[in-house]
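Remarks on the structure that follows.
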Amino acid sequence: MAQRRMFSPDIVDSDAFLDMPISSQALYFHLAMRADDDGFISPKKIMRLINVGNDDLKVLLTKRFLLPFESGVVVIKHWLIHNLIRKDRYKETRYIDEKRTLKIKENGAYTEMATNGLPNDNQMAPQVRLGKVRLGKNNIDSDISSKKKVACPLDEKKYPKKHNECTEYILSCEEFRKHKFINRAKQYMFLHKILRAGWDFPDIDKTMKSIERKYGNNNWDFATIANWMEKGG
């Protein structure tokens, strides 16, 4: 008996999803309907079946609704948010090696497992990982010791962990850029917009890599990254 597949409104009603072309959305639904019980599927057959092109697959990969593997298989990033399969009906994926490279975030989404402190999909990206920030002898470290100078739209008392993560991430990005963002409050606003849309810090790092590869400079800010993500890169 075939398993039923579900879709979370939090994902498919998001601006990030609805801003994609209808053909990309259709591909996502078809892949999710046919994925195995861990959310893995080889997309080429489905693409031929519904007559969509590589551009639609590229949109889903760029916007990180799918995570790719060298084998050609993809996994539905938000699979465990969409579906809760009973243990007595669950059948583990045959893509065991691919599954071992993933971890599950607190919100239930898949993300790539870090290797030696670096994400698998981002070996050339700026090193701005949480917990890996190394502040030099400059003015940046004065902000991390004085949180009152760092305005965060999230309630610091209600979300202390998330506030600290955002602060550390922004400071590490400033270190990489070798100069501070002009408007710190604006950076928090766009960073939170990105996070609320379902992306995470590895996604942001990957987008930085794409922007720098295309434009050859580090004058981006989080508004640039948010616009880039919304447009699918």
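Could you work out the relative contact order of the stretch 9-112? I mean the mean sequence separation of Cα pairs under 8 Å and 6+ apart, divided by the number of residues, in percent.
On the way: 107 pairs, mean separation 26.8, N = 104.
Relative contact order comes out at 26 percent.
Go ahead and run the numbers for FRET between residue 186 and residue 107, Cβ-Cβ distance against an R0 of 35 Å, rounding to 0.05. Intermediate values should be presented prior to the final figure.
Working: r = 25 Å, r/R0 = 0.72.
Here the calculated transfer efficiency is 0.90.
Just to verify a number: FRET efficiency for residue 219 and residue 164, C-beta to C-beta distance, R0 = 30 Å, to 0.05? Don't skip to the end; give the middle numbers.
Details: r = 27 Å, r/R0 = 0.89.
That gives a FRET efficiency of 0.65.
Going by how many other Cβ atoms sit within 10 Å of their own, how do 8, 24, 71 line up, fewest first? Kindly include the intermediate steps, with their values, before the conclusion.
On the way: 8 15, 24 21, 71 11.
Least crowded to most crowded, the residues run 71, 8, 24.
Which order results if 175, 230 are arranged by neighbouring Cβ count within 10 Å, fewest first? Intermediate results must be reported in sequence, preceding the final value.
Numbers: 175 20, 230 16.
Exposure proxy ranking, most exposed first: 230, 175.
Residue 50 to residue 12: extension gain in nm, 0.36 nm per residue of separation minus the Cα-Cα distance? Please list the in-between numbers first.
Values: separation 38, 0.36 × 38 = 13.68 nm, distance 1.95 nm.
Result: 11.7 nm gained on full extension.
Which loop chymotrypsin sites (Phe, Trp or Tyr not before Pro) in the stretch 1-105, with loop taken from DSSP, have no more than 15 other Cβ atoms within 10 angstrom of their Cβ?
Numbers: sites: 7, 17, 28, 29, 40, 65, 69, 79, 90, 95; in loops: 7, 65, 69, 90, 95.
Answer by residue number: 90.
Could you check the simple spin-label distance between residue 19 and residue 4, using points 7 Å along Cα→Cβ, in nm with one decimal?
Output for this residue pair reads 3.3 nm.
Every read-out reported here was derived from the displayed coordinates using simple, explicitly stated rules and does not represent laboratory data. Just so we're clear, the structure is a prediction, and the values are computed from it rather than from any experiment. When we count neighbours, we look across all protein chains shown, and the Cβ atoms used for this are built from the backbone with ideal geometry, even at glycine.
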